[in-house]
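First comes the structure, then the notes that go with it.
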Amino acid sequence: MSEYYVQEKKSNGICIASLVCGLVSFLGCCNPFYLVSLAAVILGIVGVCGSYSGKGMAIAGIILGVLAVLIWVVLDILLIPFTFGASFFI
């Protein structure tokens, strides 16, 4: 009688966490010092490089995390004059 070894798939919790962090950072909810965006990108890279199921969610998390950083950096640069006044640049 032959025995079969069934390899279990690793949990896709990392991919889901990347997607959730990407959505939270992209929607602007609670992203202090861009840490949530950074977490989305790092978890997404781990999810894509590892043998996890749900690589599409990891890729979406990476994309949303990077877009959130780009959008918030541009907004921060544009809003500095309104925050500190024009004398900030002189």
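Pair-distance distribution of the stretch 13-82: all C-alpha pairs, bin width 10 Å, starting at 0; shares per bin in whole percent are 27, 47, 19, 6, 1. To the nearest 10 degrees, how steep is helix 13-26 against the longest Cα principal axis of the chain, on a 0 to 90 scale? Between the helix axis and the principal axis of the chain, the angle is about 20 degrees.
What FRET efficiency do you get for F82 and L35 if R0 is 35 Å and r is their Cβ-Cβ distance, rounded to the nearest 0.05? Display every interim value, and only then the final one.
Working: r = 24 Å, r/R0 = 0.70.
Working from the Cβ atoms, E equals 0.90.
Since every read-out is calculated from the coordinates, none of them should be taken as a lab result. Since the structure is predicted, the reported quantities are computational estimates derived from the model, not experimental observations. So basically every Cβ, Gly included, is an ideal-geometry build from the backbone, and we count neighbours across all protein chains shown.
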